[in-house]
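Report on the structure given below.
The values are calculated or read from the model by the stated rules, or taken from the named source; none is laboratory data. Just so it is clear, the model here is predicted, and its values are computed rather than measured. Don't worry about glycine lacking a Cβ; one is built from the backbone with ideal geometry, like all the others, and counts go over all protein chains shown.
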Amino acid sequence: MFDDAHAAVDEDRATLTIAQGPFELRVTEDAYGNFYLIDGEEVCLEVADPLSPDRLFGMLDLRDRGFAARVNDGFEAAWAEGMVVDEV
């Protein structure tokens, strides 16, 4: 899992971002895919292309506070258990 995440990030950009702080990178296998939590009430989920899973097909925008709260709770738990990455 970490190898996939590492391959998806430009090493120079990641190193610069971490060095600028405050920034913390953690790796976990408890979260899948990419999502954006907006103002605690909206969740945008990336949808992979079914014919090319490494490419973005679209975004799904869910405006549901209950779902957003559940996603936030899940993220917080995964973050707390995630492995801190000090070097890229």
(request) Would you confirm whether any residue within region 40-51 is on the phi > 0 side of the Ramachandran plot and either acidic (Asp, Glu) or touching a residue at least 12 places away in the same chain (Cβ under 8 Å) (or both)? (result) yes
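Restricting attention to region 64-81, does a residue exist that is touching a Ser or Thr at 6+ places or on another chain (Cβ under 8 Å), of a type outside the set (Phe, Trp, Tyr), closer than 26 Å to residue 15 by Cβ and surrounded by 13 or more Cβ atoms within 10 Å (Cβ to Cβ)?
Taking every residue of region 64-81 in turn, at least one turns out to be touching a Ser or Thr at 6+ places or on another chain (Cβ under 8 Å), of a type outside the set (Phe, Trp, Tyr), closer than 26 Å to residue 15 by Cβ and surrounded by 13 or more Cβ atoms within 10 Å (Cβ to Cβ).
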(message) Report every pair of residues separated by at least 6 positions or lying on different chains whose Cβ atoms are under 6 Å apart, first residue within region 54-79 and over 14 Å from residue 32 (Cβ atoms) and among the small types (Gly, Ala, Ser), second at pLDDT 95 or above and surrounded by 13 or more Cβ atoms within 10 Å (Cβ to Cβ).
(response) 68/43
